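Here is the structure we will look at.
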Amino acid sequence: MAQYAKPLARLVEELTKLPGIGPKTAQRLAFFIIGGSKENAHSLASAIVGAKEKIGYCSRCFNVTDVNPCRFCVDNGRDSTVICVVEEARDIVVLERTREFKGLYHVLHGAISPMDGIGPGELRMKELMSRLTEEISEVIIATDPNVEGEATAMYLARLIKPLGIRVTRMAHGMPVGGDLEYVDEITLSKALEGRREL
Amino acid sequence: MYKTDGVVLRTRNLGEADKIVTVYTKTKGKVVAVARGARRIRNRLLSSTQMFTHGRYLFFDGKTLDTLCQGEIVLSFQPLRDDLDKMAYAMYLCELVDVFVEEGEPSPEIFVLLINSLKMVNEGQVLLALRRFELRLMKCLGYHPEMHHCISCGTEPEAIIYFSKEGGIVCSHCKPQFSTTHIVSRGTWELTKRLLDWEWSRISILHPSAFSLVEIEHCMRDYIDYRLDRPLRSLGFLQTLKQF
């Protein structure tokens, strides 16, 4: 890094700390930033600082938010009897894009992964259980369809079912627009299992 | 480049859409490889890189990590992922292989043991599968617990048999020399010898008592802890599940 001026070297170093950014990409981004206008650089810097300072977690659903409780939790137009449980806050964005779900959310901030030392105690499960009042009629578990996600879903079902609340899991199936011959056997068997009448 | 059968022991996320998979293979032993794009929903490696999957894999050699290029499922072990208890037990088996076996030490015997044990867990013979797996894995790794003679004086055991984590059975005369010992009933002693020595095909005729399996579990827990330098993480989750 000695070949760069000190402020530029520092910028490259800081950018390298970002996920998925290697030294070469960091250099490219740094040169783009210093090649742009001063206003753009200030705007980027203030956006980073602003997001870091203003964004926190919702005290009810643990979504990332700038207001507490978050806009989903205080929205009277949403169905407050259904809670959709997701692993990460970014999963909410994906679900909202469907415009199908109108209930509330709960973010666990991870999934059970015994081999990585992540158990139920490391996730926001206690907080979810405290939200399950008589008003709640259904909990939709939308964790990832992998081993960790399935373990989390089954563990939550064991906790919630005795309360008499309906627990549902997102369906597994074939991707829209794909060819049947390229679908793997596990997905295909799950799709057959969850088939519906036309 | 090499093609081999393997069982996925664990996976970790890497970057945006990649995975680092640890596979126990038949011909190369434990292999840690990168599966590029294996977290994308339409990637061909998505299902064959799920934990516990027995598949036929194609690897390319790399400088630090090999690359997993193709995977074809031989046995998905899907029921293990559909039942929380079975999943936790299967994770324990995979973690045992992962922590005890170093990369580049192939053992077809361990590979067959792992596949057969996963099948037994899958079929519901969980406790027998676990105890047999622990004993046989130790044997394959060269940590064979001595079950015929006292590990201190070499005599045959008398009426009361003790098991020491330091290597096997101990007679009542030598017992004070060892820090922790478990009393083992004669039935458990006989069962342990059979689980260690009998071939797979004969195991199915065994119908051990729950008491004997619990005795072996206590002995093996101490024995494995003694051989390992860190606690097994999957055991914590198994304990959590026992609360239900």
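Legend: mean number of C-beta atoms from other chains within 10 angstrom of residue C-beta atoms, peptide A:182-189, equals 5. For the residue pairs A:17/B:28; B:19/B:119; B:175/B:242, the alpha carbons lie more than 31 Å apart in A:17/B:28; B:175/B:242. Phi-derived couplings, Karplus 6.51 cos²θ - 1.76 cosθ + 1.60 at θ = phi - 60°, listed residue by residue for region B:61-77: 5, x, 5, 9, 10, 6, 10, 8, 9, 9, x, 10, 6, 8, 9, 7, 6 Hz, with x used for Gly and Pro. In summary, the aspartates and glutamates within cross-link reach of residue A:126, defined as a Cα separation below 16 angstrom excluding same-chain residues under 8 places away, comprise A:87. Highest mobility in the GNM of chain A, judged by mean-square fluctuation with C-alpha springs under 10 Å and restricted to A:175, A:19, A:120, is found for A:19. In a Gaussian network model over chain A where Cα atoms closer than 10 Å are linked, find which of A:53, A:138, A:127 has the largest mean-square fluctuation. Of A:53, A:138, A:127, the most mobile in the Gaussian network model is A:53. Averaged over the residues of A:109-121, the number of partner chain Cβ atoms lying within 10 Å of the residue Cβ comes to 5.
Shielding value for A:142-154 is 4, the average number of Cβ atoms from other chains within 10 Å of each residue's Cβ. A convex hull fitted to the Cα coordinates of the protein assembly as shown yields 226 cubic angstrom per residue.
Of B:204, B:48, B:185, the residue with the greatest mean-square motion in the GNM of chain B, using alpha carbon springs below 10 Å, is B:204.
Bear in mind these aren't lab numbers, they're just calculated from the coordinates by the rules spelled out. Computed from a predicted structure; not experimentally measured. Quick reminder, even Gly has a Cβ in these numbers, built from the backbone with ideal geometry, and neighbours come from all protein chains shown.
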